[in-house]
Ligand code: UT7
């Protein structure tokens, strides 16, 4: 019998602190007008508590998820944490999350694919369900971007925010994830990266002095590739599954820039009213953008709604997932 992996619950968590465009304009040479017109962002959330990391945000999102789904942490088989800001290089953030929420029967791992990581992790988690190996997989996208943002660099500091979003995957016969197209192109790696802190450029006084533990982005180039590839892959998955714009209930795009989102929606002919957008409130939370959208729109979603999820990010990485909402 055919088996799908469905999203059976979703929850998000963002920190309380609101960093507004006006506050940023007091920190670097920028303006509310520039940020809103060039990106669509009005404010973003920042995890201010220095004793908390990505695992804490993820654990908060998953705790809310388990409460909604009415299951206990020890019923989880697997936790996949999509992140580019792990608490540490090792142990993996998934291990720390499992310990924090008391997921005593789960194994877990981190998945690194920058802004596409949630899609890659969702596809990966779904395969564990459809193979019949596991019954309950939690996929969490979580990023404390403020830990790697240079708040003296106006080109990047206005874009990013902190947050986490989690989904529960369970088996289903009809609804759930129908198709996915995922891609990488490492020749784009130089345009969006954090140079130091890995095995190639371990931390040193020099790397700190050169500010190489922060995000570097060639915004214009990334923008160009993001617009083309996110639109292309969304079109490809819709064509492959015989979907027209009017068949799709919701486009759920990665929230990197409102102009990229608008261009993608336009290309696949999906009405602006059917596009989930919360970049104005959260900015780019990297692996958390898509599950945070799903959590924000949960009340409006109906069983069997056709959703297209699409993302583009550092690597380059990109992809799209077609799913039928399960509840
Ligand atoms: O999520 C993962 C993937 N990431 C993305 O998809 C991000 C893709 N890139 C972008 O969203 C956009 O490129 C940015 C929002 C990062 C930048 O917008 P842009 O329209 O591409 O601006 P730009 O980098 O071409 O800069 C235009 C001008 C420059 O000034 P000059 O050289 O024309 O005098 C910048 O110095 O805007 C200036 N600028 C700013 N001005 C005020 C750059 N950042 C700012 C700022 N405030 N924050």
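Computed from the coordinates by the stated procedures, all read-outs in this text should not be read as laboratory data. Remember, predicted model here, so these are calculated numbers, not experimental data. A quick note on method: Cβ atoms are made from the backbone with ideal geometry, for glycine too, and the neighbour counts reach across all protein chains shown.
Looking only at the stretch 122-136, decide whether some residue is within 25 Å of residue 320 (Cβ to Cβ), surrounded by 21 or more Cβ atoms within 10 Å (Cβ to Cβ) and within 16 Å of the ligand (Cβ to nearest atom). Within the stretch 122-136, none of the residues are within 25 Å of residue 320 (Cβ to Cβ), surrounded by 21 or more Cβ atoms within 10 Å (Cβ to Cβ) and within 16 Å of the ligand (Cβ to nearest atom). Criterion applied to 165, 219, 197, 190 was being over 20 Å from the mean Cα position of the chain (by Cα) and within 16 Å of the ligand (Cβ to nearest atom), and the one residue passing it is 190. Screening residue 229 against (1) touching a helix residue (DSSP H, G or I) at 6+ places or on another chain (Cβ under 8 Å); (2) within 15 Å of the ligand (Cβ to nearest atom); (3) in contact (Cβ under 8 Å) with a residue 24 or more places away in the chain leaves a single unmet condition, (1).
Could you say whether any residue in the stretch 277-289 is in contact with a strand residue (DSSP E or B) (Cβ under 6 Å, 6 or more places away or on another chain) and part of a strand (DSSP E or B)? Yes, the stretch 277-289 contains a residue that is in contact with a strand residue (DSSP E or B) (Cβ under 6 Å, 6 or more places away or on another chain) and part of a strand (DSSP E or B). Note on the stretch 92-114: residues that are part of a helix (DSSP H, G or I), in contact (Cβ under 8 Å) with a residue 12 or more places away in the chain and away from the ligand (no atom under 16 Å from the Cβ) amount to 8. Give me the residue from the stretch 1-33 that is within 23 Å of the chain's Cα centre (by Cα), assigned to a loop (DSSP other than H, G, I, E, B) and surrounded by 14 or more Cβ atoms within 10 Å (Cβ to Cβ) and, out of that set, farthest from the ligand (Cβ to nearest atom). Applying the filter and picking the extreme gives 15.
Of all residues in the stretch 34-57, which are within 16 Å of the ligand (Cβ to nearest atom) and either under 27 Å from residue 70 (Cβ atoms) or not in a helix (DSSP H, G or I) (or both)? Listed by number, the residues that qualify are 40, 41, 42, 43, 44. Checking every residue in the stretch 67-75 against the condition of being in a loop (DSSP other than H, G, I, E, B) and closer than 18 Å to residue 323 by Cβ gives zero matches. Against the definition (under 25 Å from residue 61 (Cβ atoms), within 12 Å of the ligand (Cβ to nearest atom) and assigned to a loop (DSSP other than H, G, I, E, B)), how does residue 256 come out, yes or no? The answer is yes for residue 256.
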